[in-house]
1. Can you give me the relative contact order of the chain as a percent, contacts being Cα pairs under 8 Å and 6 or more apart?
2. Suppose we keep just the alpha-carbon trace of segment 9-77; what are its Rg and Dmax in angstrom?
3. Pull out a ≥ b ≥ c, the square roots of the eigenvalues of the alpha-carbon gyration tensor of segment 57-99, then state rounded if a/c is under 1.5, prolate if not and a/b is larger than b/c, and oblate in the remaining case.
4. At most 10 other Cβ atoms within 10 Å and a DSSP loop assignment: could you name the trypsin sites (Lys or Arg not before Pro) in segment 1-87 that fit?
Amino acid sequence: MRVISKKTLREFWILKEHQDAEQPLKAWHDEAKHADWQTPHDVKSQYKNASILKNGKVVFNIHGNKYQLTVEIDYIYSLCFVLFVGTHEQYDKVNIDSL
């Protein structure tokens, strides 16, 4: 998978209050870029707690479910677009369908 964009992840973990997210997000990024997800089932096979949403969107629990990472996956072109990363409180305020 080609992950677009690590910059979004980095901008999140450099914030003082989210520095504990750095290693878990780096680990997720490394696993995702080496993944060969062809279907949502492939994602669920690797990440049992991932939530598969409509339109190719997937929500990953990061750092023991402290943070939410939402991506959109284009399975045909092996692209993974980072849409949102934040706390549960921040996630609850986001309209995922509009991302």
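1. On the way: 136 pairs, mean separation 27.3, N = 99.
Relative contact order of the chain: 28 percent.
2. Computed over the Cα atoms of segment 9-77, radius of gyration and Dmax are 12.3, 37 Å.
3. Working: a/c = 3.33, a/b = 1.58, b/c = 2.11.
Judged from the Cα gyration tensor, segment 57-99 comes out oblate (a/c at least 1.5, b/c at or above a/b).
4. Details: sites: Arg2, Lys6, Lys7, Arg10, Lys16, Lys26, Lys33, Lys44, Lys48, Lys54, Lys57, Lys66; in loops: Lys48, Lys54, Lys66.
Answer in residue order: Lys48, Lys54.
Where a number appears in this text, it was derived from the coordinates with a stated rule and is not lab data. In this text, all values refer to a predicted model and were calculated from it rather than measured experimentally. Please note: Cβ atoms are built from the backbone with ideal geometry, for glycine as well, and neighbour counts cover all protein chains shown.
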